[in-house]
Amino acid sequence: MTLIEIQRIGIDFGTSNTAASVSGLRHGNPIHEIIPLDDRDLLKSLLYFPSPRESYFGKAAIEKYFENEREGRFFQSIKRLLPNPDFSGTQISGRFVSLENLISRFLAEAKKRIEIKFDQSISEKEIVFGRPALYSLDEAREKLATTRFHEAIRLAGFQNYSLLEEPTAASRVAIKKSQGIPTKEKVTLVADLGGGTSDFTVLHQSDSGAHRVLAVHGIPLAGDALDSTFVSNRLLPYFGSEVKYQRPFSSNILTFPTSLISRIPKWHQHVILKEKSNWNFLLDLKKELVNPSDKKVLENIITLVDENLGYQLHQSVERLKIAIASSQQDQNEEKNFEFRSYPIDIQFGVQRMQYEEIIQGVARQITETAAETLRLAGIQPSQIDVLHFTGGTSQVPVLRKSIAAVVPQAVIEDQDSFTSVALGLSLNA
């Protein structure tokens, strides 16, 4: 293996995927490249614990989870839990594990894979971690998320690190691509639309090639929010939202608790449904149903939670989103949604127009955040020359169209959807 003189490493810990990059020297020649962490360079942000002492990550987490017939604990989208004060950790085989510890185990695995790749320790190397422009719009939750992420990084063994906003990192890639190319003064809006957050940067480039960040802003809504909105709109009745029950010796007819059903669309909160009090409530509900026909949907939610099927449900919704995104412009074209795992059997058709109507509220909030970023930068929409898209959610047509409408005179350019942030993190400021 060729020894690389590492100057800086960037790690983009994402809601769905994690990527890393390195800047340094190989045989005295400068390099700047993605570090392969797993399948297709990306390490899926997944953790699986068959037992407290055994753990798997990324692609292996999925494989082992199904190989073990879904026994144990499976986690996804744990980044989204960082600003949640109601979730401090969870039980794994009767042993409490904090959120910071969960995330640190994943980051330590990424660290180990990088060290194996380069055959050297990176504990004291300069590491730049990506972070959203905002974890939360609530100041206290934002502070909590940042504090937790710092603690997780330290627990993972990183000693010399800093944080950088993800859209700013993505903008560095755009800057590097333009270096050495004759250019005129321009203003760029970078839209980094990921799994958990949508982040924006306004970047000014002078005719001399110098660059200046004018504003960074974001919102904790992105691909997961689109998926959750679809679940809330179309799938909750299949998992008990309309179930009615009656307590023993009571004349009151009650509906399924909102505090529980609201967890269904949020994949990272399925673990809360398995907590003892919630789980016992679901099991006891079998004896208290008002309508015997509700037994099927109650079995659906019990199966979903008991067999840790949140990932499969997430993948089914994701497949629908991708199918609609890749379809032609025909608004009446129908794509099939399907989710089956006995006794769950859900399938129906969804038109592109219907899907876009469902997600329009989330799309509007993301678009408003883009417009707010321009305001913070003191820039008029007509002054934006280039709109850079990056992140997997940037491929959703209705969202692209909505953001592009904010800056109608801008030329649209795309960066790599999954690695541009990681590449930007390891570049010099």
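Coordinate-derived values only; no laboratory data. Since we're looking at a predicted model, the values are computed, not measured. All Cβ positions, glycine included, derive from the backbone under ideal geometry; neighbour counts span all protein chains shown.
For a straight C-alpha distance cut-off of 17 angstrom, the lysines reachable from LYS184 (same-chain residues fewer than eight places away being disregarded) are LYS176. Under 5 Å from the amide H of GLY89 lie the amide H atoms of LEU99, each residue being 5 or more positions distant or on a separate chain, with H modelled from the backbone and absent for Pro and chain starts.
Take every pair of alpha-carbon atoms less than 8 Å apart whose residues are at least six positions apart; their mean separation over the length of the range 4-165 yields a relative contact order of 22 percent.
Ranked for footprinting exposure by Cβ neighbours inside 10 Å, fewest first, TYR161, TYR135 give TYR161, TYR135. Taking the longest Cα principal axis of the chain as reference, the axis of helix 276-285 is set at about 40 degrees. For the range 276-307 and the range 313-378, what is the separation of their C-alpha centers, rounded to whole Å? Using only Cα atoms to place each centre, the spacing works out to 29 Å. Run down the lysines and flag those whose C-alpha is under 17 Å from the C-alpha of LYS287, throwing out any fewer than 8 positions away in its chain. Once the sequence-local lysines are set aside, what remains near LYS287 is LYS244, LYS295, LYS296. Here the peptides 411-420, 28-37, 124-133, 185-194 are ranked by packing, the mean other Cβ count within 10 Å, and the order with the highest first is 185-194, 124-133, 411-420, 28-37. In the chain, the longest principal axis of the Cα atoms and the axis of helix 295-306 are about 40 degrees apart.
The computed semi-axes √(5λ) of the Cα gyration tensor in Å for the structure shown corresponds, within (i) 39, 28, 18; (ii) 32, 26, 19; (iii) 30, 26, 22, to (i).
In the chain, the DSSP beta bridges split such that about 75 percent are antiparallel, to the nearest 5.
Axis of helix 352-377 versus longest Cα principal axis of the chain: the two differ by about 40°, to the nearest ten degrees. 3J(HN,Hα) couplings calculated from phi for the range 254-260 with the Karplus curve 6.51 cos²θ - 1.76 cosθ + 1.60 (θ = phi - 60°) are, in sequence order, 10, 9, 4, x, 4, 4, 8 Hz; Gly and Pro show x. Sorted ascending by nearby beta carbons within 10 Å, beginning with the fewest, LYS79, LYS276 become LYS276, LYS79.
The mean sequence distance of close C-alpha pairs (under 8 Å, at least 6 residues apart), as a share of the length of the chain, puts its relative contact order at 18 percent.
Whole-Hz Karplus values for the range 67-75 come out as 4, 8, 6, 6, 7, x, 10, 10, 10 Hz, taken residue by residue from phi with 6.51 cos²θ - 1.76 cosθ + 1.60 and θ = phi - 60°; glycine and proline positions read x.
Projected label points at GLN7 and GLN159, each 7 Å from Cα along the beta carbon direction, are separated by 2.3 nanometres.
Shape class for the range 4-165: oblate, because the ratio a/c of the largest to smallest gyration tensor axis (alpha-carbon atoms, square roots of eigenvalues) is 1.5 or more and b/c is at least a/b. Cross-link reach is defined here as a Cα-Cα straight distance under 25 Å, omitting same-chain residues fewer than 8 places apart; for LYS335 the lysines meeting it are LYS266, LYS321, LYS401.
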